[in-house]
Amino acid sequence: MAYASRFISRSKQLQGSLVILQQHHAIPVRAFAKEAARPTFKGDEMLKGVFTEIKNKFQAAVDILRKEKITLDPEDPAAVKQYANVMKTIRQKADMFSESQRIKYDIENETKEIPDARAYLLKLKEIRTRRGLTDELGAEAMMFEALEKVEKDIKKPLLRSDKKGMDLLVAEFEKGNKKLGIRKEDLPKYEENLELSIAKAQLDELKSDALEAMESQKKKEEFKDEEMPDVKSLDIRNFM
């Protein structure tokens, strides 16, 4: 079970999704009268609901991990896809965000008060960097170039409330996307590729953790003559 807890904690999607908003509540005064029943407070019920939700999400993840075979081989596309599918099932069962949904949520919440287009694009860049995403197509540079062109045309900084100016910017984005080969209808494919790249990175991290644990075990006197197994042969279900 300890291995299961560590396994779950290494998953960035699970880490982000299992964090529950913490509320500060006053500690209720204990009833000291003999055999007095402890009063029920609204805060107590709320905290009980929070911890029940955490427990249920964790148990849902563990139940799935007990059934699904995960191969610690980040270089095998089939193993990566299987791991990504397992994580997707866990998110669906536990009602968690996918990475794409998390990014969309961050963008919506962190940009709603931003008045100008340049600060908006800078915030998008910050979110991308924070989430560890790469811009292999050069879309980010294209968007800033489009903004430069529009602001040069309108001769002032572009505000998001400027509908005419924003329409010009969107038109420039569409031209740039066409040059880069980015199509709206391909968004599901981009999202799938993102989830696969994250799954590969997580499998690589889990593999490194497993190798480190085996190396540490091998240094112990009672295991020094034993041959360590191939990490790809390990079955996480045996540790849960």
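The values are calculated or read from the model by the stated rules, or taken from the named source; none is laboratory data. Please read all numbers here as calculations on a predicted model, not as lab measurements. With ideal geometry, Cβ positions are generated from the backbone for all residues, glycine too; neighbour counts draw on all protein chains shown. Note: areas computed on protein heavy atoms with side chains; ligands, DNA, RNA excluded. Shrake-Rupley method; radii C 1.70, N 1.55, O 1.52, S 1.80 Å.
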Heavy-atom surface of region 145-204, accessible at 1.4 Å and reported per residue (Å²): 72
Rounded if a/c under 1.5, otherwise prolate or oblate - region 97-158, Cα gyration tensor axes: oblate
Whole-number accessible area per residue in Å² for region 49-120, which is evaluated in the context of all protein chains at 1.4 Å: 56
Equivalent ellipsoid dimensions for region 140-221 as semi-axes, Å, which come from the Cα gyration tensor, largest first: 48, 16, 10
Percent carbon-and-sulfur accessible area, region 123-240, ignoring ligands, DNA and RNA, probe 1.4 Å: 52
Accessible heavy-atom area order of ARG128, ARG66, highest first, probe of 1.4 Å: ARG66, ARG128
Positive minus negative residues near LYS189 (Lys, Arg vs Asp, Glu; Cβ under 12 Å): -3
Label-point separation in nm, LYS163 to LYS175, each point 7 Å along Cα→Cβ: 2.3
ASP135 accessible area, 1.4 Å probe, all protein chains in place, Å² to nearest 10: 50
Under-5 Å amide H pairs with ASP116, H placed in peptide plane, nonlocal only: ARG160
Pairwise label distance in nanometres, ASP235 with GLU140, each label 7 Å out on the Cα-Cβ vector: 4.4
Length gained when the stretch ASN109-MET228 is fully extended (0.36 nm per residue, less Cα-Cα span): 38.0 nm
Charge-dipole axis of region 38-126 as Lys and Arg at +1 and Asp and Glu at -1 on Cβ define it, positive-most pick from PHE58, VAL86, THR71: PHE58
Cα centroid separation - region 193-234 against region 147-174, whole Å: 51
Additional length obtainable on full extension of the chain from ASP63 to THR129, 0.36 nm per residue less Cα span: 20.4 nm
